[in-house]
Amino acid sequence: GTETNTIPPYRRPVNTVFQDYALFPHLNVRENVAYGLMVRGDNKAMRSQAAEDALDLVALGGLADRKPSELSGGQRQRVALARALVMQPKVLLLDEPLGALDLKLREQMQGELKYLQRKLGIAFVFVTHDQGEALSMADRIAVFNNGRIQQIGTPEDVYDRPRSKFVANFVGSSNVLPPELVSRLTGTKSAASLRPEAIEISNGPVSGKVSGKAYLGSNSRIEVEAEGMVFKVLVAKGAPLPNVGDTVSLNWDKSALHFMDETGD
């Protein structure tokens, strides 16, 4: 509710957590966290206590005297987070903060960030190229392409009801059916999005030849050439898998086909 266009950046109640942490190597953890408070002019006792409180918040209370080089990647990320939170911003900008972490640690930090956001009650603006991360963490998602917002909404809205071919293909994986095919199948001439997990290999309106398959652990993905395009289909683990070269029929529930407002990229 407050206009910030005329406020200098250094006076805005916004702090940033960077992907590369940007910690000072010659300062210990406590001094890194308290740096912004020192620049602001807070006295030493106040900033030291505030830094300790912020480190406790991110579960690093016992590491205040260590240097960044003595910490793991996940711990350094927590220090960067504490340094931003100690300033008590109204908005926290996180610029791909988990991109440098391995998968297991990234998933752990995702949970911790969600917990902190709910506990603190401040707005987190989280920039990521990981679509799964966006879907699992966000209350609202904005999908950008070439600097423009393509769609904004809840994770469910963006995934289940993409407005364009770009959003359908960028957020998860989708089969984008051309208007001519959709018209023949449904009577409505519009491009439509059909998610791979919504398709079954059974008697249905489309038949084609299996051109590829890949094992993904919890499921398998097969590719079927049909109707001038390649359909991607997810098959649950344990279900029968066709072989490359087999002819199969594809079926889906009518509600799984989402008509899109626009077809462009």
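Key figures for this structure:
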item	result
Conditions (1) more than 14 Å from V176 (Cα to Cα); (2) modelled with pLDDT of 95 or more; (3) open to solvent by less than 70 Å² (accessible area, probe 1.4 Å): number failed by S202	(2)
Helices (runs of 4 or more DSSP H) contained in the stretch 1-111 and holding at least 2 residues of a type outside the set (G, A, S), within 21 Å of S136 (Cβ to Cβ) and under 30 Å from the mean Cα position of the chain (by Cα)	73-85
Selection from the stretch 220-265 of residues that are open to solvent by 30 Å² or more (accessible area, probe 1.4 Å) and in contact with an Asp or Glu (Cβ under 8 Å, 6 or more places away or on another chain)	V230, K232, L234, N251, W252, H258
Scope the stretch 126-182; condition open to solvent by less than 30 Å² (accessible area, probe 1.4 Å) and either under 21 Å from V233 (Cα atoms) or free of Cβ contacts under 8 Å to residues at least 12 places away in the same chain (or both); matching residues	V158, P162, S164, V167, A168, V171, S174, N175, L177, L181, V182
Number of positions in the stretch 91-125 that are in contact (Cβ under 8 Å) with a residue 60 or more places away in the chain and closer than 13 Å to N15 by Cβ	6
Helices (runs of 4 or more DSSP H) within the stretch 143-214 that include 3 or more residues over 16 Å from E227 (Cα atoms)	155-160, 165-170
Number of positions in the stretch 10-62 that are surrounded by fewer than 13 Cβ atoms within 10 Å (Cβ to Cβ) and hydroxyl-bearing (S, T, Y)	1
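The values are calculated or read from the model by the stated rules, or taken from the named source; none is laboratory data. What you see is a predicted model, and the numbers here were worked out from it, not measured in a lab. Ideal geometry is used to build each Cβ from the backbone, glycine not excepted, and the neighbour counts take in all protein chains shown. SASA here: full protein model, heavy atoms, side chains in, ligands and nucleic acids out. Shrake-Rupley method; radii C 1.70, N 1.55, O 1.52, S 1.80 Å.
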